[in-house]
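Trainee: My questions all concern the structure below.
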Amino acid sequence: MTDYGAFATEPLFGLPLPELWFALVFAILGTFLFLDGFDFGAGVLFATREDDEERETILAAIGPFWDGNEVWLVVFGGALFAAFPAVYANLFSRNYLLLFGVLGALILRGLAPEMYEQRHDAAWQRWWGRSFVAGSVLAPFLLGVFTANWLTGSGALVTPVGVAVGLAVVALTVVSGTAFVRLKTTGDLRDGVWRYGERALVAYLALVVVSLALLFVSTPRLAAAVATAPVLALVVLSVALAAGYAAALRRDQDLLALAASGLLTYGLVAVVALLLFPVVDPGTDLLVSEAIVSTLPLNIMSVASAFLLPLVVTYFVVLYSAFSGPAQPTESY
C-alpha cells in the first residue's frame, strides 16, 4: 500500500485549499459569463439589425470564439464536481429541468447560425435568425435563474429573485456584447449599437439593486450578508465601472469598454460568492469546509490545475490574437 505521507493528510504548503477552490469555481463561472456573455450579447444585438451584411458581420465576429468560450461552462461543472461533489449532486438535481433548459438554449444558440448560413431564403433565415436570438437570450436568463436558486437554496423554476437575476445577466451580456461588436466591426454597424450598451447598462444596475432588495426581503439568511461592507463596496465599484464603460464607449475606446464589462461580470459573480460563503450549498446547509473532497485528491487536483490552467489561458490568448481585428461579412461563420 502506497504511503503518501503528509501529501495525503496536509494541504499543499499549508494553503487554505477549500477556500481557494471555492474562489476558483466562481472565477471559472465568471470567465464563462464574460467570454460567452459577449457572444450572447452579440446574439441579442443581432435582433436589432435588419441589414443582411450587418447580420453576417455579427456572425463572423463571434464565429471563431463561441465554441471555445463555452468550454468554460464545462470546466465550471467539472471543477464543481471534482472539488464539491455533494454540492454538484444536490444543486444539479434540484435544478434538473432548469439545467436542461440551459442546455437546450445553448444547443439552439449554436445550431441556429449554422443553419442560417445554409440557405439564402428569407423565410428560412428569418426562422433561424429568431432562433439564434432566442437561444442568446434564454441561455443567460436561465443561468441567472440557476444562480439565484443556488443562492437561495431553491429548486423552483420561477421565483421573483430568479427572474430579476436572470434579466440582470441578460442585460450584462448586452453590455459586454456591445463593446465586443464595436471592437470587431466598422462603419454603420459599429456606430449603431452603442446606445443599446448604455441602455442595457442602466437596466443592469437597476436589476442588481432589485435583486439584492428581493434577497434582503425574501431570504432572512442573506439579509445580513447583503448589508455587509464587501458586498456594498462591490456595488459601489460596479457603479464606478459602469461610468467608466459609458465614458469609454463615447470616446470610442472599445477595448477599454470591454474590459470594464468584464470587471462588471466578475464583480457580479464575486457578490454571489460573498453572499454564499462560508456556506456552499444553502439547500443542504453544507459549508465549504464540509463539502470539499479529502486532502489527497484535493492536493492532486491543485497540482494538476497549477499546470493546466496556464495552458488553457495561453490557448485563449493565442486564439484571440489570431482572430484580432474587425470581422468581415464575407468571412464564414
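Quick note: the coordinates plus some simple rules give every number you see, no bench work behind them. Please read all numbers here as calculations on a predicted model, not as lab measurements. Methodologically, a virtual Cβ is constructed for each residue, glycine included, from the backbone with ideal geometry; neighbour enumeration extends over all protein chains shown.
Trainee: List the residues, sorted by chain then number, that are 5 or more residues from Leu287 or on another chain and whose placed amide H is less than 5 Å from its amide H.
Mentor: For Leu287, whose amide H was placed from the backbone, the distant partners under 5 Å are Val280.
Trainee: Would the range 55-110 count as rounded, prolate or oblate if I go by the C-alpha gyration tensor, calling it rounded below 1.5 in a/c and otherwise prolate when a/b exceeds b/c, oblate otherwise?
Mentor: oblate
Trainee: Now for a separate question. Note the full-extension length gain between Val312 and Glu53 as 0.36 nm times their separation in residues minus their Cα-Cα distance, in nm to one decimal.
Mentor: Full extension of this stretch gives 89.9 nm more.
Trainee: Round to the nearest 0.05 the FRET efficiency obtained for Val236 and Ala156 when R0 = 25 Å and r is the Cβ-Cβ distance.
Mentor: Here the calculated transfer efficiency is 0.20.
Trainee: Same structure again: Which of Ser176, Ser136, Ser93 ends up with the largest GNM mean-square fluctuation for the chain, with Cα atoms connected below 10 Å?
Mentor: Of the options given, Ser93 has the highest mean-square fluctuation.
Trainee: Starting from the range 187-270, pick out the trypsin sites (Lys or Arg not before Pro) whose DSSP state is loop and whose Cβ has at most 16 other Cβ atoms within 10 Å.
Mentor: For trypsin sites (Lys or Arg not before Pro) across the range 187-270 that sit outside H, G, I, E and B with at most 16 neighbouring Cβ atoms in 10 Å, the list reads Arg251.
Trainee: Follow-up. Binning at 5 angstrom from zero up to the longest distance, how are the C-alpha pair distances of the range 147-244 distributed in percent?
Mentor: Bins of 5 Å from zero give 2, 12, 19, 20, 17, 12, 8, 5, 3, 1, 0 percent of pairs.
Trainee: Can I ask one more? Could you put Phe132, Phe32 in order, starting from the residue whose Cβ has the fewest other Cβ atoms within 10 Å?
Mentor: Ordered from fewest to most neighbouring Cβ atoms within 10 Å, Phe132, Phe32 come out as Phe32, Phe132.
Trainee: Also: Output the relative contact order of the range 16-317, whole-number percent, from Cα pairs under 8 angstrom with separation of 6+ residues.
Mentor: 24
Trainee: How far apart, in nm, are two points set 7 Å out from the Cα along the Cα-to-Cβ line at Gln328 and at Glu117?
Mentor: With each label point 7 Å from Cα toward Cβ, the separation is 1.5 nm.
Trainee: Which one, (i) 0.99; (ii) 1.07; (iii) 1.39, gives Rg/Rh (Cα atoms, Kirkwood Rh) as derived from the coordinates shown?
Mentor: (i)
Trainee: While we're on this one: What are the extents of the Cα atoms of the range 256-315 along their three principal axes, listed from largest to smallest and rounded to whole Å?
Mentor: Largest first, the range 256-315 extends 41, 30, 12 Å along its Cα principal axes.
Trainee: What FRET efficiency, computed as 1/(1 + (r/R0)^6) with R0 = 45 Å and r the Cβ-Cβ distance, is obtained for Val217 and Phe92, rounded to the nearest 0.05?
Mentor: 0.95
Trainee: In whole angstrom, note down how far apart the Cα centers of the range 153-197 and the range 47-81 are.
Mentor: That distance is 13 Å.
Trainee: Between Asp188 and Ala243, how high is the FRET efficiency from 1/(1 + (r/R0)^6) when r is the Cβ-Cβ distance and R₀ = 30 Å? Nearest 0.05.
Mentor: Calculated value: 0.65.
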